[in-house]
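Below: one structure, written as structure tokens.
Just so it is clear, none of the values below were taken in a lab; they were calculated from the coordinates. Computed from a predicted model, the values in this text were never measured in an experiment. Methodologically, a virtual Cβ is constructed for each residue, glycine included, from the backbone with ideal geometry; neighbour enumeration extends over all protein chains shown.
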Amino acid sequence: MSAKRALVPQSHEPSPEGLRPGIDLSRMNAFGRSVSLEYYDISPETLNEVTEEDFQLVEVASFFNAIYTSGGDFKVDGLSFNEDEYTAMVRSPRYFGRSIIAKTYSARGQDTSPERRADAAERSAVHGFESKEKKMTLMLVGLGREKEWLEKLYKEMKAPKYAHHTEGEVRTLVTSVWQLSFMNMLDVMSAKNNWDDSTHQRAEKAMTKRLLLGPQRDKVKYWQDLTRLAIRYNKNKHSIIGSHLGQVRKELEKK
């Protein structure tokens with residue numbers, strides 16, 4: 001089950017009211033302290049039912065295969081997108097323009113003259129391309145914002161014991177990357193593999209357990225591996241969307 005996602009993601013900044021008493025968001029903190037259930041107030045009992053089969057669902061290789069291998073309903077230029085991104089994009093400018101024109105002609109029927117139908121169809125195509133241009137531009141803005149979070153957090157992962165940021169900054173980074181980057185990749189994998197809600201929830205719990213339970217070295221490595229993949233995925237999405245946005249703008253120049 002994929003969540004509805006904004007084209008421009010917002011950071012998940014912690015609210016003092018929602019934290020345990022005694023947590024000072026202004027004190028310095030290291031990334032390594034954030035990889036525990038206690039940090040997120042998650043009860044270990046909620047993850048007791050996670051099985052080895054569930055863990056296999058969220059191997060880094062499984063994420064990679066869902067994103068980069070063939071197949072799936074939301075593929076563009078060999079890369080898997082989430083449903084919202086896929087819908088917002090123009091995959092084929094020529095087909096997109098022709099489709100809008102054909103729908104406009106069909107809707108107008110014989111109610112107006114051929115000239116007026118042609119003008120209406122052309123205006124509809126322009127409006128359609130302008131709408132897609134706006135959405136795809138927002139997608140690039142969102143990817144740029146996500147890139148900053150990913151690279152900043154990955155830098156902290158390389159020295160997980162050292163504090164370079166405040167508690168508030170660390171919480172914002174880890175929660176934003178988890179809820180936006182990791183969960184988006186999980187949604188993409190869910191759609192690619194046609195998971196039902198139960199399987200999606202099992203995978204989400206397994207990912208949570210891998211991120212927060214077990215030897216410190218293993219947890220940090222899983223965070224690092226997922227973040228490296230998310231950085232690569234972000235870069236590839238930016239390239240593909242940017243290329244298709246350029247095609248949309250060329251079509252608008254013709255109008």
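Under the 0.36 nm per residue contour assumption, what length would be gained going from the current alpha-carbon distance of A118 and S131 to full extension?
Residue separation times 0.36 nm, minus the Cα-Cα distance, leaves 2.7 nm.
In whole Hz, what ³J(HN,Hα) sequence does the range 117-124 give by Karplus (6.51, -1.76, 1.60; θ = phi - 60°), x for Gly and Pro?
With coefficients 6.51, -1.76 and 1.60, one gets 5, 5, 5, 5, 5, 5, 5, 4 Hz.
Based on the Cα atoms of the chain, what semi-axes does the equivalent ellipsoid have, where each is the square root of 5 times one gyration tensor eigenvalue, given in whole Å with the largest first?
In descending order the semi-axes read 42, 20, 16 Å.
Note the full-extension length gain between E45 and V141 as 0.36 nm times their separation in residues minus their Cα-Cα distance, in nm to one decimal.
Net length gain for the segment: 30.7 nm.
Under 37 °C and 0.692 mPa s, how fast does the range 58-151 diffuse according to Stokes-Einstein, given a Kirkwood radius computed over C-alpha pairs? Answer in µm²/s, whole number.
My calculation gives 206 µm²/s for D.
Give the residues of the range 34-48 whose amide nitrogen is closer than 17 Å to a point set 7 Å from the Cα of A159 in the direction of its Cβ.
34
Distance in nm between label sites at N236 and N193, each 7 Å beyond Cα in the beta-carbon direction?
1.7 nm
Among L229, M189, M207, which residue has its Cα furthest toward the positive end of the charge dipole of the range 139-255, with +1 on Lys/Arg Cβ and -1 on Asp/Glu Cβ?
It is L229, whose Cα lies furthest towards the positive end.
If one takes the longest principal axis of the Cα atoms in the chain, at what angle in degrees, from 0 to 90 and to the nearest 10, does the Cα axis of helix 216-254 lie?
The helix 216-254 is inclined about 10 degrees to the chain.
For helix 93-108, what angle does its Cα long axis make with the longest principal axis of the chain, in degrees from 0 to 90 and rounded to 10?
60 degrees
Between V76 and residues 5 or more places away or on another chain, which pairs have amide H atoms under 5 Å apart, with H built 1.01 Å from N, and which residues are they?
Residues meeting the criterion, in which the H sits 1.01 Å from N, are F81.
Which of K135/K219; K152/K209; K134/K205; K75/K221 have a Cα-Cα distance over 25 Å?
From K135/K219; K152/K209; K134/K205; K75/K221, over 25 Å: K135/K219; K134/K205; K75/K221.
Tell me, what ³J(HN,Hα) does each residue in the range 68-76 have, in order and in whole Hz, if you take phi through Karplus 6.51 cos²θ - 1.76 cosθ + 1.60 with θ = phi - 60° and put x for Gly and Pro?
Running phi through 6.51 cos²θ - 1.76 cosθ + 1.60 with θ = phi - 60° gives 10, 7, 5, x, x, 7, 10, 9, 9 Hz.
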